[in-house]
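Take a look at the structure below.
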Amino acid sequence: MALRNIIVEGDDLLRERSREVTVFDDRLSLLIDDMVETMFDADGVGLAAPQISILKRVCVVCTDGQKIYELINPEVLESSGEQEGYEGCLSVPGARGLVKRPTYLKVKSKDRKGNDVIFEVRDFEAVAFCHEMDHLDGILFIDKMERQ
C-alpha cells in the first residue's frame, strides 16, 4: 500500500466526470487499499479516486474508524429525508459550509471483485456517501453549500 497525493480545488481533474470501472483485478484492489490508507492518513472520512488524480468511479467511506465502505460504480436507488450539516473536504482545505443532504440512502455498487452490493446508510454515513459520489461527477461540496 502507498499514500497517494490528494489534489486540491483548482485542479481541473476534480471537475471531470469519472469513468465506469470495467476491470476488477489486483490493480483495482491496490487502488482501493491505497485510497483507504490515504484517507486515514489525512484524517478524512471519505476519499474518491478523482481526488488522487484517477478518473474512475471508485470511492471509500469510513465514518467511525472501523467499517470501511468500498463503492465502485455506485448509483443511488433510493433517498429520503433531509438533513443539513457542515461539510469540509480534503480537496478544499480550510473550507467548511452548510450542505443539505438526504438522511437515508440506498446505494447499489460493486465490490472489488465485481459483485453487486447494496448499502443502506443514514445520517452522517449518508452525507459521506453523497459527498464522495458527487466527486465522481466532478461536483464539490462548495457547489452545493449555502452561501453565507
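Throughout, read-outs are computed from the coordinates displayed, never taken from laboratory work. Computed from a predicted structure; not experimentally measured. Because the Cβ atoms are built from the backbone with ideal geometry, glycine has one as well, and the counts that use them run over all protein chains shown.
Classify the chain: rounded, prolate or oblate, from the alpha-carbon gyration tensor (a ≥ b ≥ c, eigenvalue square roots; a/c under 1.5 rounded; otherwise prolate if a/b is larger than b/c)? The shape class here is oblate. Put a dot 7 Å past the Cα of Arg96, heading toward its Cβ, do the same for Asp43, and the two dots end up 1.1 nm apart. With both labels modelled 7 Å from their Cα along Cα-to-Cβ, the Glu82 to Val23 distance reads 4.4 nm. Applying the Karplus relation 6.51 cos²θ - 1.76 cosθ + 1.60 with θ = phi - 60° to segment 115-122 yields 3J(HN,Hα) values of 7, 5, 9, 10, 10, 10, 10, 9 Hz, where x marks Gly and Pro.
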